[in-house]
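Right, one structure below, let's go through it.
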Amino acid sequence: MRKWAFVVSVLVFLIACVRKPKAEAETPQPAYQGLFVLNEGQWTLSNASLDVISPEGRYYENAYQSVNHKPLGDVANHWLRLGDTLWIVLNGSRLLRCVSLPSLREVYTLTFPPSASPREFLWLSSDKAYVSSLTDGTLYRVNPRTGVLLPPHIPVENYSEGLLLAGGKVWLTCGNYAYPARNNKVACIDPVRDSVLYYITLPRENPGPLTLLPNGKLLVGCRGNYADLKGLLVHIDPANGTITRTTELLTSVYHLQRYGDEVYMLTDSGVSRYLWQNGVVEYGFLSRSQLGLRPEELLYGFSYDSVSQSWIVANARAGGVRGELIFIRNGSPYARQEVGVFPSRTLRYP
């Protein structure tokens, strides 16, 4: 009996040794620095969260709630950091939260009208910002300093998402929401008069992400219908709104990001690189097989971290469970960190 007791005790000890380290206790820290992680959360469950991984590798789970003693909200779609201020857009909760860094203390929370479905935040000046809204045909004007809505707002076509300032104009993608509802437009908006100048009709439905190319052209990602109609990349000259090139994709496209002179996108195959000069797509830049992902696992975001000189890929796993960040260097994963539900975005502070 003693022998078996000894064996059992050894097994318990070994299991304890390999157990994953737990998150830091939910005690507010005086300041947060390092890698900030935005977890989108699940629709209607109000489990969006903001996590922090310190420079020393400590993981602070749900840091926003620890500091402010309330949940972040329902579906965190977008954020923007300028200096020591962070704005977070919460689609399901219809909120814009303004947070002070490094304390993570809330400065204000703006609540949008019941019809709104806020998606992205675009800072224009200390007194004006735009927030797109998916379902109510409205581009909201906001004072980003005080958190006050600035009516009258701008009527736009449904279903608006991506926002970008380029060439002195604001560009807003109007895509799909739920079939049979669909759209294939980009709105050109005068940010001085707060009015739509014109719409560009795209050759493929469901535009969403957009970025600015090194040559000054806009790049718009049309997602297609996620079935028989795949994605399309569209180059637009912001000087006159003309389409200068299109590139057919073998998959849908969910996110566009420019780093220096190179453009990367999230596709069904993983993180792909777009050689915008000649329209070539490298689908195997960071493929799902390189990342060791199972077929049911869902890539939900990516970024390049200049501090660690690593790519960071957000894996939502099968959805509805805690996700993970995968850290990649020289094309190979070297570390993983469990985070919140549907992780989508990361940023470094300071």
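The values are calculated or read from the model by the stated rules, or taken from the named source; none is laboratory data. Computed from a prediction, not measured in an experiment: that's the story for all the values here. Neighbour counts run over all protein chains shown; Cβ positions are idealised from the backbone, glycine included. These accessible areas exclude ligands, DNA and RNA; they are computed on the full protein's heavy atoms, side chains included. Shrake-Rupley method; radii C 1.70, N 1.55, O 1.52, S 1.80 Å.
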What single numbered condition from (1) free of Cβ contacts under 8 Å to residues at least 60 places away in the same chain; (2) open to solvent by 30 Å² or more (accessible area, probe 1.4 Å); (3) polar (S, T, N, Q) fails to hold for N47? (1)
In the set L213, L219, L202, the lone residue that is within 30 Å of P152 (Cβ to Cβ), surrounded by 15 or more Cβ atoms within 10 Å (Cβ to Cβ), at pLDDT 95 or above and out of contact with any helix residue (DSSP H, G or I) (no Cβ under 6 Å at 6 or more places or on another chain) is L202
When you scan the stretch 269-301, how many residues do you find that are open to solvent by less than 50 Å² (accessible area, probe 1.4 Å), under 15 Å from Y226 (Cβ atoms) and either in contact with a helix residue (DSSP H, G or I) (Cβ under 9 Å, 6 or more places away or on another chain) or among the hydrophobic types (A, V, I, L, M, F, W, C) (or both)? 1
Residue among Q337, Q257 that alone is assigned to a strand (DSSP E or B), in contact with a Ser or Thr (Cβ under 7 Å, 6 or more places away or on another chain), touching a residue at least 40 places away in the same chain (Cβ under 8 Å) and of a type outside the set (K, R): Q257
Do we have T251 as touching an Asp or Glu at 6+ places or on another chain (Cβ under 7 Å), under 28 Å from Y199 (Cβ atoms) and polar (S, T, N, Q) here? yes
Answer residue from the stretch 81-122, given it is of a type in the set (V, I, T) and buried (at least 21 other Cβ atoms within 10 Å of the Cβ) and is nearest to G208 (Cα to Cα) among those: V89
Of a type in the set (A, V, I, L, M, F, W, C), within 19 Å of A48 (Cβ to Cβ), open to solvent by 10 Å² or more (accessible area, probe 1.4 Å) and within 20 Å of the chain's Cα centre (by Cα), is that true of V307? no
List every residue pair whose Cβ atoms sit under 7 Å apart, with the two residues 6 or more apart in sequence or on different chains, where the first one lies in the stretch 130-156 and is under 18 Å from N183 (Cβ atoms) and the second, anywhere, is acidic (D, E) and in a loop (DSSP other than H, G, I, E, B). G137/E157; I154/D194
Among the listed residues G167, G162, G175, which satisfies the condition of being open to solvent by 40 Å² or more (accessible area, probe 1.4 Å), in contact with a Pro (Cβ under 8 Å, 6 or more places away or on another chain) and of a type outside the set (S, T, Y)? G167
With (1) farther than 30 Å from G162 by Cβ; (2) in a helix (DSSP H, G or I); (3) at pLDDT 95 or above as the list, and S103 as the residue in question, which single condition is left unmet? (2)
Looking at G175, G167, can you tell me which residue is on the phi > 0 side of the Ramachandran plot and not polar (S, T, N, Q)? G167
Can you find a residue that is in a loop (DSSP other than H, G, I, E, B), at pLDDT 95 or above and more than 14 Å from E106 (Cβ to Cβ) anywhere in the stretch 63-73? no
Based on what the data block shows, is C188 among the hydrophobic types (A, V, I, L, M, F, W, C), open to solvent by less than 40 Å² (accessible area, probe 1.4 Å), within 23 Å of I88 (Cα to Cα) and modelled with pLDDT of 95 or more? no
Options L122, L165, L172: the member that is assigned to a strand (DSSP E or B), more than 21 Å from R81 (Cβ to Cβ), modelled with pLDDT of 95 or more and not aromatic (F, W, Y): L172
Applying the selection to the stretch 228-268, what residues are open to solvent by 40 Å² or more (accessible area, probe 1.4 Å), small (G, A, S) and over 23 Å from the mean Cα position of the chain (by Cα)? A239
